[in-house]
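Input: one structure, supplied below.
We did not get these values from a lab; they are worked out from the coordinates using the rules stated. Computed from a predicted structure; not experimentally measured. Here Cβ is always computed from backbone atoms with ideal geometry, including for glycine, and neighbour counts include all displayed protein chains.
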Amino acid sequence: MKEVAVIGAGTMGNGIAHVFAMNGHQVKLIDISPESLDKALLTIKKNLDRMESKGQIESDKVQATLGNIQIMTDIASGVSSADLVIEAATENIDIKLSLFKTIDEHAPANAILATNTSSISITRIAAVTQRPTQVIGMHFMNPVPIMKLVEVISGYSTSDEVCKSIMKLSANIGKVPVEVNDYPGFVANRILLPMINEAIHTLHEGVAGVQEIDTLMKLGMAHPMGPLQLADFIGLDVCLAICKVLQEGFGSSKYAPCPLLVNMVTAGKLGRKSGEGFYTYTPGSKDLIVAPSFR
């Protein structure tokens, strides 16, 4: 798989493009927004420069990686010669289904189509294509250049050959692939989101404050980041979307999102991306300050 097309130039998309380009693949990074593409390239260069400053890569590797990335705004031409297409767009089922119809129409017949979805059914996505055996999930973790895990999800019709190929490819780009089956939330978010949601319930019910909950989980359970800080990092809108997928998929009230989470998303308090969630975020500052609403 020499040529990889990545659709979506946001945090996940630019991270995926970075990793593949750094491992010698020709990458076409595709987004309808030229501004998003320019921002993605700046982010990739900044991350590569940081790696160089730490002695993790040489300067020629930085230039080679950047040289392997081509930015484009047209999906049809962007995927036309790809061996692998990875969709990393917004976690919205309608957007993803629409994209996969377009990708399927324009990608080569032998291309594998992957989605970076964190919770949406691979089987449902594959069903809108003419090649369901070649559709698979590649759920990278954020930040992609640093996190080793790739959750590889086979849909109902995904062939064993395609799964084996993606498992091998993931290992070849320095990741640790873990194969799972296609059920709501897969494994990572089926376990993670109920924990985050319960932490939000614990805050909502006044059992403990933001810092207290996160400190307990960091020091008591050896988590590198508390659940509320992690929710901010993921994006509260994404957390809410995954909770809804779990609730609908399993038909169980235990996955119902906490009312506080719903209200925060409705109010536009989405975490790090919006500047405020359970904590407030100031550009350039690493200080973790509890948001005014929870002080």
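Quick test of the membrane-span-like rule: which DSSP H helices of the chain reach at least 15 Å along their long axis (C-alpha atoms) with mean Kyte hydropathy at least -1.0?
Flagged H segments are 11-22, 34-53, 93-106, 160-172, 188-204, 210-221, 236-250.
Then there's this: I need two numbers for segment 140-208: Rg to one decimal and Dmax as a whole number, Cα atoms only, in Å.
Cα-based Rg and Dmax for segment 140-208 come out at 15.9, 51 Å.
A further question on this structure: Can you sort 106, 139, 204, 18 by how many other beta carbons sit within 10 Å, fewest first?
With the fewest neighbours first, 106, 139, 204, 18 line up as 204, 106, 139, 18.
Another question, then. In µm²/s, what is D for the chain at 25 °C and 0.890 mPa s, where D = kT/(6 pi eta Rh) by Stokes-Einstein and Rh is the Kirkwood radius from Cα pairs?
123
With +1 assigned to the C-beta of every Lys and Arg and -1 to the C-beta of every Asp and Glu, and no other charges, what is the dipole magnitude of segment 67-203 about the Cα centre in debye, to the nearest 20?
220
Separate question: Output the peptides 196-202, 132-138, 154-160 sorted from most to least packed, where packing is the average of other Cβ atoms within 10 Å over each peptide's residues.
132-138, 196-202, 154-160
Given the rule -39500 (n - 2.57) for each run of at least 4 DSSP H residues, summed and divided by the residues of the chain, what is its mean residue ellipticity at 222 nm, to the nearest 500 deg cm²/dmol?
It comes out at -14500 deg cm²/dmol, rounded to the nearest 500.
Any idea what the dipole of the chain comes to, in debye rounded to 20, about its Cα centre with Lys/Arg Cβ at +1 and Asp/Glu Cβ at -1?
Magnitude of the dipole: close to 360 debye.
For segment 96-191, compute the orientation-averaged projected area of the C-alpha convex hull (one quarter of its surface), in nm².
Seen from a random direction, the Cα hull of segment 96-191 projects 5.8 nm² on average.
Something else now. Determine the dipole magnitude for segment 188-290: charges of +1 sit on the beta-carbon of Lys and Arg, -1 on that of Asp and Glu, nothing else is charged, the reference point is the Cα centre, and the result goes in debye to the nearest 20.
Computed about the Cα centre, the dipole is about 220 debye.
Which lysines does residue 273 reach when only Cα atoms under 28 Å apart count, and residues fewer than 8 places away in its own chain are ignored?
Result set, ordered by chain and number: 28, 39, 45, 46, 54, 96, 148, 175, 218, 244, 254, 286.
Let me have the relative contact order for the chain, percent, based on Cα pairs under 8 Å that are six or more residues apart.
Relative contact order, the chain: 12 percent.
Given Cα positions, please report Rg to Rh for segment 188-290, the hydrodynamic radius being the Kirkwood one.
Using only Cα positions, Rg/Rh for segment 188-290 is 0.96.
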